[in-house]
Structures are given as C-alpha cells and as structure tokens.
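A.B. asks: Mind having a look at this structure? Questions to follow.
The values are calculated or read from the model by the stated rules, or taken from the named source; none is laboratory data. Predicted model only: the values in this text are computed from it and were never measured. Reconstructed Cβ throughout: ideal geometry from the backbone, glycine too, with neighbour counts over all protein chains shown. The accessibility values were calculated without ligands, DNA or RNA, using every heavy atom of the protein model including side chains. Shrake-Rupley method; radii C 1.70, N 1.55, O 1.52, S 1.80 Å.
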Amino acid sequence: MNGNNPSANTAIPLPLQAVLAPIGRVAHTVAEHAGEIAILLWSVGRAYTEFRVSGREIARQVYIMGVQSIPIVMVTAGLAGIVTSQQGGYQFTGSIPLYVMGSVVTESVVLEMGPVLTAIVLVGRVGARITAELGTMKVSEQIDALYSVGRDPVEMLAAPKILAGIIALPLLVGIANLFGILAGMYTAQLTMGLGYESFFYGARLFWHSWDLLYSILKAVAFGFAIPTIAIHMGLRTGGGAAGVGLQTTQSVMFMTLTILIIDAMFPPLFL
Amino acid sequence: MIEYKGVYKAFDEPVLSGVDLLVESGEMFALFGPSGTGKSVLLKTTLALIVPDMGDVCIDGQSAYYGGRGTLEQIREKVGYVFQYAALFDSLNVFENIRMGLPKSTLTRMTEKEVAHKAWEALELVNLEPRLILSKLPDELSGGMKKRVGIARAIVGRPEILLWDEPTTGLDPVNTAAVERLITQLSEELQVTSLLVTHDVEGGLEMCDRVAMLEGGRLRFCGTPEEFKDSDDPVVQAFQDRAAAYAALDVLDVR
Ligand SMILES: Nc1ncnc2c1ncn2[C@@H]1O[C@H](COP(=O)(O)OP(=O)(O)OP(=O)(O)O)[C@@H](O)[C@H]1O
Ligand SMILES: [Mg+2]
C-alpha cells in the first residue's frame, strides 16, 4: 500500500508536508494550464503566419461577439453611468464644486467601468458559450472527427475567435464608454441639476490624453484573454454532459478572475 | 499496411499494455474483444486522436509519431475513420458533413458539382436516400442513419485504409448486410485495407481474412478465422457461442 504513497518514504516531516502538498498541487495545476495555453497560442500563431485562417470566419465571429453584444453592453454601461453619477452626487454634494462630478463619472467609466463591465458581460455572453460549444464537440468526439478528416480545430475554431475578440472588445468598450458617460451626464442633470456644460467642463479639467488609450488597451487585453481561456477550457473538457457543465462553470470563474487580475495589474504597469 | 508497435496507453489504469499488431495491405482484419478493453483506444492511436504513452504506429512504413512534420497529416488523409458513435458535426447538415470527409487538397481541385456528386454516391453506398437527407441536420436523423452518414463521410475521400469502429452495431439486419457488403466491396474492388472492430463475431469471421482478440490490454489471439474457431482458449470460445459465453462469466470474473 505504502509503496504507491510518496509521502511514506520521504524525509519531509508530516506537518510541513501538509503545507507543501497543496502548494505543490496548485503549482502543478497552474503549470499545466500555462503550458497548454502556450501550446494553444503557438498553434494559433502558426495558423495565422501560414495564412490558414478564414477571413470570413473571423468576420462571422466579430459579428457574433461584437455586433450582437451591443445592446446588452449599452444597457450595462448606461446603468454603470447612472449608478456612478448618483453615488457621486450623494457623496460630494455640498463639499466640492459640482462640476467635479463630470470628471468622476467620465474617468470611472472610461478607466474602469467601461472595460471591466463589458468584459464581464462578454464572459457570460461569449466565453461561456465558447467553452460549452467546444466542450460538447470534445465529449461527442467531433473534435476527434475533425482531426480524422485532416482538419485542424485550432485553425477552424480557435484562431478566428481569438482575433475576433481582440477586434470586438475595443469597439464594444468604445460604445460602453460613450453610453456610460451620456447616462451619467443625464443622471447628474436630473438628480443634481448639473448642467451639461458644467459636466463637460469638469470632465475636461481632469482628462489625460492617454485615458482613452488606457481604456482601449484594457479592452484588447480582455478581448484576447476571454476567447483564449474559453477555448482552452473547452478543449480540455471530459466526462459527458455533466463534464461540459462543470467545465463551463470553471471557465467562467477562470475568465472572471483573469479579468480582475489584469485590471489590477494595469495601474502599476501603465499609470 | 498498419503496424502497431508496442502501443501502451494508461488512463487511470493501463488500458493497452503493449499491443503489437500488423495488418497487411489490402487485408480485411477483424478485432474482437470485450467491452472496455481498449479497442476504440487502439484505433484512435492510429490517427493520434489518442496519443500512446509508449510505442508507435506506422502506416505504410511511415511513423505517425516519429515521422516528422506533415507525416501525420498525410496519414490522416489516406486513412478513413468510422466513429463508434458517428461523431457527426452537429452544426453542419449531412451534405456539409460528408464534404468534410474530402481532403482539403482534393476539395480545391473540385467543382461544387463534383463534390455534390461524390456525396450523393457515398450516401447511396450506405443505403441512404440522398434526396431526402442531404440537407438534414444530424439531430433530425435516427441513430442508424447517423451511423451510416458517418460511414459515408469516412469513405467519400476514397481512403486507402479504413478503420471501422463497430460500424454495424445498432443497425437493423438489412442495413447491417448493406454495410457488410460495402466493407467487402471496398476491400475487394479497391483493395482498401480494413481494420474492423466489431462485436458481431460471426459476421467478422465470415468477412475477414484474419482476426484478433484484445483482452486485458494485450492481444489474446491473432490468426485466421479457422484458427479462431478451433481455438481451445475459453475466452476465445466465449466469443463464439452463448453457452460458452455463460461459462466465461466465471473465467473472466466479470460478475
Ligand atoms: N478519453 C479517455 N479518458 C479516460 N479513459 C478513457 C478514455 N477513453 C477510453 N478510456 C478508458 O479506456 C478503456 C477502454 O475504452 P474503449 O473505448 O477503447 O473500449 P472498447 O474496447 O472500445 O469498448 P466497447 O466495445 O464498449 O466500445 C475504458 O476503460 C475507458 O474507461
Ligand atoms: Mg469502442
């Protein structure tokens, strides 16, 4: 029995093992995912450099991920603008000049709310769908069948989605920024009586020229991360219908966490 | 020619523990074995759909795993694979599914009309009515129809080698006969090499030049159908008649 148990004949004391073992397991899992994602991206890169990716499929994916997401992104960003504006009004009324609200709304929408909320919406609308779709193809042997007829699933299914994500997210974030600011401005006028000119005056006063670039850079990073993780998780699905469900849940968590981590890394890297 | 050289594969436990098997060119070869012994796994290692932990598979002398860049693509082009559960692309209709069976290099040289003609032909070979079914989605087909569309997809590119994973399981007698005739026809008229995994022992013995039996991760038997019938191995015998099968329940200890 103990012959199979590595802990039986190592010199590491048991309490230390209890601490080290989980660390080792996590490190192993992280390394496994990192390795697989690296291989996936390498194959995607090769598919592009060898011009094997269909332009039509990229366009189709941009439509699915981008154009079809516009309504929900508009609603989300609008609500974010409304909330920020109301909260700012509640916090600041009477203490600072009201036109500062213009800056508060604009900067929080462009720097944080626009990119992050759009990405979170896309995790649900696009990421989960990709994982479930590829996962189903995996467990029903359709991925195997593609290989068997000499087709490359990475070239056909993965590569177009990743580029489409990189194209679609910045466009969506642009729309989100616009709608967030407009909704915030309208709310400020309604609830605090702040005129549009004062709002814009405040917005311009604290605006840095790189703020928009920063917002778009975030969008590019998210647009790359979402399909990449979704595809990676989909292709390692096993265990039938239940497996697809579990894998999709884990994929959503993985994508959400990654977005929040990327978001937290942005200020030290770029500001 | 298909050559399995010491193919070893373990998932949680070893499934294939060193399988050596040679299927000659133009041969019809049947592989029997109890459920879950790794017959499908072995077939999948041929096209690297499952990569063995050790060992190699050679197609006409070309190594699937050590053959260098492009070899695997060449192998996949000349080998057709009939999946146990059809594995049709469920977002594509029957015609598009069969179209996928044609190698990309062939497709670029063909007009859409020629492709349609080939698909039509392939469906007729598996006893399906092309007119009624070409534009249907896999979800709209019965299990047996899916299976035959899967066969049509595998044969439409006229592969030199065909791997059949239980092509007749779940088919009615008439369609079983049709598929069996198709397998025989392909091998006799076009000298296709066929490796056939089947639970229909009688049919396999009748059709094939040689048969083998996989059990416990290894080949328990490999020889001609006559030798198979005369074998005094109880496990081999169990595959031939029901009485022996009941006796084998004790030998294999499957209860
Ligand atoms: N992808 C996989 N992951 C884990 N285990 C697997 C996988 N594929 C097959 N196995 C295991 O390998 C063993 C052999 O499976 P395989 O499908 O080859 O059986 P089989 O001989 O084809 O059986 P059947 O006649 O029922 O089709 C089974 O125990 C199965 O659990
Ligand atoms: Mg099987």
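A.B. asks: Compute the distance in nm between two label points, each set 7 Å from the Cα along the Cα-to-Cβ direction, one at A:A242 and one at A:T191.
C.D. replies: The answer from the label model is 4.7 nm.
A.B. asks: Can you give the FRET efficiency to the nearest 0.05 for B:S17 and B:D233, using r as the Cβ-Cβ distance and R₀ = 25 Å?
C.D. replies: 0.85
A.B. asks: Next question, about the same structure. Sorting check: for B:183-195, A:200-212, which peptide has the highest mean count of neighbouring beta carbons within 10 Å, and how do the rest follow?
C.D. replies: Descending packing order for the listed peptides: B:183-195, A:200-212.
A.B. asks: Let me ask you something else. Run the simple label-point estimate for A:L79 and B:D241 please: 7 Å along Cα→C-beta, distance reported in nm.
C.D. replies: So the label points at A:L79 and B:D241 sit 7.3 nm apart.
A.B. asks: P(r) for segment A:13-270, please, calculated from all Cα pair distances in 5 Å bins and given in %.
C.D. replies: Cα pair-distance distribution for segment A:13-270, in percent: 1, 6, 12, 14, 15, 13, 11, 8, 7, 6, 4, 2, 1, 0, 0.
A.B. asks: Per residue of segment A:195-211, what does 6.51 cos²θ - 1.76 cosθ + 1.60 with θ = phi - 60° give for ³J(HN,Hα)? Whole Hz please, x for Gly and Pro, Karplus curve as stated.
C.D. replies: Rounded to whole hertz, the list is x, 4, 5, 4, 4, 5, 4, x, 4, 6, 4, 10, 7, 9, 5, 8, 4.
A.B. asks: Another question, then. About its Cα centre, how strong a charge dipole does segment A:13-270 have in debye, to the nearest 20, once Lys and Arg get +1 and Asp and Glu get -1 at the Cβ?
C.D. replies: For segment A:13-270, the charge dipole is close to 220 debye.
A.B. asks: Same structure again: Within 10 Å, count the other beta carbons around each residue, average over each peptide in B:127-137, A:225-235, B:77-87, and list them highest first.
C.D. replies: Averaged packing, sorted descending, gives the order A:225-235, B:77-87, B:127-137.
A.B. asks: Find how many whole Å separate the alpha carbon centroid of segment A:153-201 from the alpha carbon centroid of segment A:105-132.
C.D. replies: Cα centroid of segment A:105-132 versus Cα centroid of segment A:153-201: 9 Å apart.
A.B. asks: Same structure, new question: Rounded to the nearest 5, what is the percent of antiparallel bridges among the DSSP beta bridges in the protein assembly as shown?
C.D. replies: 55 percent
A.B. asks: While we're here: Calculate the FRET efficiency for A:F270 and B:T184 from the Cβ-Cβ distance with a Förster distance of 45 Å, rounded to the nearest 0.05.
C.D. replies: After rounding to 0.05, the efficiency reads 0.05.
A.B. asks: Let me ask something else about it. Label points 7 Å out from Cα along the Cβ direction at A:M156 and A:M253: separation in nm?
C.D. replies: Taking the two extended label points, one gets 3.2 nm.
A.B. asks: Using a probe radius of 1.4 Å on heavy atoms only, what accessible surface per residue do you get for the protein assembly as shown? Whole Å² is fine.
C.D. replies: Solvent-accessible surface per residue comes out at 48 Å².
A.B. asks: OK, next. I'd like the Karplus ³J(HN,Hα) series for segment B:232-238: coefficients 6.51, -1.76, 1.60, θ = phi - 60°, whole numbers in Hz, and an x wherever there's a Gly or Pro.
C.D. replies: With coefficients 6.51, -1.76 and 1.60, one gets 9, 5, x, 5, 5, 4, 4 Hz.
A.B. asks: Moving to a separate point now. Once you order the gyration tensor axes a ≥ b ≥ c over the Cα atoms, which shape class does the protein assembly as shown get: rounded for a/c under 1.5, otherwise prolate or oblate by comparing a/b with b/c?
C.D. replies: Taking the square roots of the gyration eigenvalues as a ≥ b ≥ c, the protein assembly as shown is prolate.
A.B. asks: Further question on the same structure: With all protein chains present, how much of the accessible area of the protein assembly as shown (probe radius 1.4 Å) comes from carbon and sulfur, to the nearest whole percent?
C.D. replies: 61 percent
A.B. asks: Quick one: go through segment B:170-187 and flag any residue whose amide nitrogen is under 19 Å from the point 7 Å out along the Cα-to-Cβ line of B:E121.
C.D. replies: B:179, B:181-187
A.B. asks: Set the bar at 27 Å for Cα to Cα. Now go through A:K138/A:K218; B:K104/B:K136; B:K5/B:K146; B:K44/B:K147; B:K39/B:K146 and name every pair that lies beyond it.
C.D. replies: Pairs exceeding 27 Å: A:K138/A:K218; B:K5/B:K146.
A.B. asks: Sticking with this structure for a sec: Suppose R0 equals 41 Å; then what is the FRET efficiency for B:S91 and B:D172 from their Cβ-Cβ distance, rounded to the nearest 0.05?
C.D. replies: 0.90
A.B. asks: Still on this structure: Give me the residues in segment B:59-80 whose solvent-accessible area, probe 1.4 Å, is reduced by at least 50 Å² once all protein chains are included instead of the chain isolated.
C.D. replies: Buried-area filter returns B:R69, B:R76.
A.B. asks: What order do A:D144, B:D12, B:D60, B:D230 take when sorted by accessible area (1.4 Å probe), most exposed first?
C.D. replies: B:D12, B:D230, B:D60, A:D144
A.B. asks: Please compute the length gained on full extension between A:R46 and A:R60, using 0.36 nm multiplied by the number of residues separating them and subtracting their Cα-Cα distance.
C.D. replies: That pair, A:R46 and A:R60, stretches by 2.9 nm at full extension.
A.B. asks: Which sequence of B:R153, B:R158 reflects their accessible areas, 1.4 Å probe, from the largest down?
C.D. replies: From most accessible down to least: B:R158, B:R153.
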